[in-house]
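To start, the structure itself, in structure tokens.
The values are calculated or read from the model by the stated rules, or taken from the named source; none is laboratory data. Keep in mind that what you see is a predicted model, and the values were worked out from it rather than measured. Cβ placement follows ideal geometry from the backbone for every residue including glycine, while neighbour counts extend to all protein chains displayed.
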Ligand code: HEM
């Protein structure tokens, strides 16, 4: 007999495709940041420093995974610490958010998943801008 699958028990992390899904999202989100005129200047220098880029991507993956119900522990800095001194503006925050949601849509993630991620990002706004 088929046991009906209760979709409400599927974590956001699983719906994002687990570790591999999150990694491919982060790769494409960072690429989008590098091509977004509002924030590219913040991210393009990382092209010249692949090791630093990889560390930042690893932290971003862990952060995303830990925040969406995955098994990973986040070992990066807190949001105010990571963005301190950058003086990130509201427009930059909106541009980054837009890249994240657009990339999720391109990866086929539905409205519900995008809304959940948006809610998390929104809750962090005050910790990121003008930190
Ligand atoms: C939209 C919500 C955002 C989230 C959830 C977020 C999250 C993160 C996380 C988890 C890290 C890794 C911290 C670490 O390596 O210890 C990070 C690093 C970074 N973030 Fe954000 N961020 C956001 C928005 C922004 C914006 C708007 C900018 C600039 C326009 C920005 C610029 C950076 C940079 C340059 C780093 C790398 C710092 C470094 O390697 O020294 N972030 N962010």
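Evaluate region 99-111: report whether one residue or more is more than 15 Å from residue 22 (Cα to Cα), under 12 Å from the mean Cα position of the chain (by Cα) and at pLDDT 95 or above.
Within region 99-111, not a single residue is more than 15 Å from residue 22 (Cα to Cα), under 12 Å from the mean Cα position of the chain (by Cα) and at pLDDT 95 or above.
For region 116-126, check the following and say yes or no: at least one residue is over 23 Å from residue 14 (Cβ atoms) and assigned to a helix (DSSP H, G or I).
yes
Out of 14, 51, report the one residue that is surrounded by fewer than 11 Cβ atoms within 10 Å (Cβ to Cβ) and in a helix (DSSP H, G or I).
That would be 51, the only listed residue that is surrounded by fewer than 11 Cβ atoms within 10 Å (Cβ to Cβ) and in a helix (DSSP H, G or I).
What about residue 131, is it in a loop (DSSP other than H, G, I, E, B), in contact (Cβ under 8 Å) with a residue 12 or more places away in the chain, surrounded by 14 or more Cβ atoms within 10 Å (Cβ to Cβ) and within 11 Å of the ligand (Cβ to nearest atom)?
yes
Provide a single number: the residues in region 65-105 that are more than 8 Å from the ligand (Cβ to nearest atom), part of a loop (DSSP other than H, G, I, E, B) and closer than 19 Å to residue 12 by Cβ.
Going through region 65-105 one residue at a time, the tally reaches 6.
Restricting the first residue to region 75-89 and requiring it to be under 17 Å from residue 123 (Cβ atoms), which pairs with a second residue that is within 8 Å of the ligand (Cβ to nearest atom) and in a loop (DSSP other than H, G, I, E, B) meet a Cβ separation below 6 Å and a spacing of at least six or different chains?
So the pair list comes out as 88/129.
Spot the failing condition for residue 109; the list is (1) within 28 Å of residue 130 (Cβ to Cβ); (2) not in a helix (DSSP H, G or I), and only one is missed.
(1)
Could you tell me which of the residues 53, 12, 25 is under 16 Å from the mean Cα position of the chain (by Cα) and without any contact (Cβ under 8 Å) to a residue 60 or more places away in the chain?
Going through 53, 12, 25 in turn, just one is under 16 Å from the mean Cα position of the chain (by Cα) and without any contact (Cβ under 8 Å) to a residue 60 or more places away in the chain: 53.
Taking residue 62, is it part of a helix (DSSP H, G or I) and exposed (fewer than 15 other Cβ atoms within 10 Å of the Cβ)?
No, not satisfied.
Does any residue of region 20-37 turn out to be exposed (fewer than 15 other Cβ atoms within 10 Å of the Cβ) and either farther than 20 Å from residue 97 by Cβ or touching a strand residue (DSSP E or B) at 6+ places or on another chain (Cβ under 9 Å) (or both)?
yes
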